[in-house]
1. Cα centroids of the stretch 203-251 and the stretch 97-123: how far apart, whole angstrom?
2. At 222 nm, what helix-only mean residue ellipticity would the chain give, in deg cm²/dmol to the nearest 500, using -39500 (n - 2.57) for each DSSP H run of four or more?
3. Treating only the Cβ of Lys, Arg, Asp and Glu as charged (+1, +1, -1, -1), what charge dipole size does the stretch 22-68 show about its Cα centre? Round to the nearest 20 debye.
4. With the Cα gyration tensor of the stretch 1-90 giving a ≥ b ≥ c as the square roots of its eigenvalues, does the rule (a/c under 1.5 for rounded; else a/b larger than b/c for prolate; else oblate) give rounded, prolate or oblate?
5. By per-residue mean of other Cβ atoms within 10 Å, what is the highest-first order of 209-219, 64-74?
6. Tell me which of GLY291, ILE89, TRP199 sits at the most positive position along the dipole axis of the chain, charges placed on C-beta atoms (Lys, Arg +1; Asp, Glu -1).
7. Tell me the net charge near ASP50. Cut-off is 13 Å between Cβ atoms, ASP50 excluded, with +1 for each Lys or Arg and -1 for each Asp or Glu.
8. Relative contact order for the stretch 85-195: what is it in percent, counting Cα pairs under 8 Å that are at least 6 residues apart?
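Every number in this text was worked out from the coordinates using simple rules, so none of it is lab data. Values in this document were obtained by computation on a predicted structure and should not be read as measured data. We place every Cβ from the backbone using ideal geometry, glycine too, and count neighbours over all the protein chains shown.
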Amino acid sequence: MAHIYVYSPSGAVRDRAAFARAVKRLQALGHEVELDADALASWQRFAGDDATRLTAISRAAASGADVALTTRGGYGLTRLLPALPYKAIARAAERGTKFIGFSDFTALQLALLARGGGVTWAGPALLEGFGAPGASGPDEIMLACFEDVANGSAEGTGWRLPASDIAALAHRRDWHLARHAPLWGGNLTMVASLLGTPWWPALDGGVLFLEDVGEHPYRIERMLAQLLHAGVLARQKAVVLGQFSGYELTPHDRGYSMAKVIEWLRSQIKPPVLTGLPFGHAPTKVLLPVGAKVDLLIEGREALVLWGHSH
């Protein structure tokens, strides 16, 4: 059983029914759920004004919980970056609190890395991860990964690569793509928005993972091009693409698609580009330790990201 502290650092919770379902599901799994005093606060589109959300983040860092879980993403952390309690978050992470979130939470995660601070987790938020309607409940893969992280037993993750990835990597002799490399990234829009700011982590030799939602492939390519032209992508050991969901192609595209974006990206950089990572704005998602040193390797059709002590 884990002590889970639920707080709202970004957008306001609008679906109170989903919030209640999510809390009950976590409790039914045997976890102790502690709700921040302002978890359901609302101001404009945010979960409270800036001062309220900064205080909530500080309370999460001071909670001593096993897991500090965001209620949702949306928008709001970017405007807090100059005032975030980085030292308190880093100390809490070092003591064992796993800060879990994704989407807008990417801004906090990368800013913490830029300040030299600790490992956080890219993973589900409360509402989208545990609050879905219906009897089916949370996605089984996501739930298993969450439980492993919550109880401290997570050592790695893996997924099956599409045939196109294997074909693109056929020239390689070494299938151990990265050794003891920093894992970083998250939501592509948030990653690109931090480039050139004091909260950019400037990690070289890393494994960069990316996902996004509601962005047409040409906008995905444009953000990737920004990272490319800034020299970020060429300095990584590998680029790993997760789920890019929630967009629609049009007749104007005439065959232009995410597959074409990936083909273009591979033509621009030497580091390998892997796809299909089960992470992003989709029910099935693994949890990833942002800032941890990982190994990335391929065994047959399986890609493996390993961070356990034996690796």
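1. Result: 19 Å between the Cα centres.
2. When only DSSP H runs of four or more count, the value is -9500 deg cm²/dmol.
3. Dipole about the Cα centre, nearest 20: 180 debye.
4. oblate
5. Descending packing order for the listed peptides: 64-74, 209-219.
6. Of the candidates, TRP199 comes out farthest on the positive side.
7. Here the charged neighbours net out to +1.
8. 33
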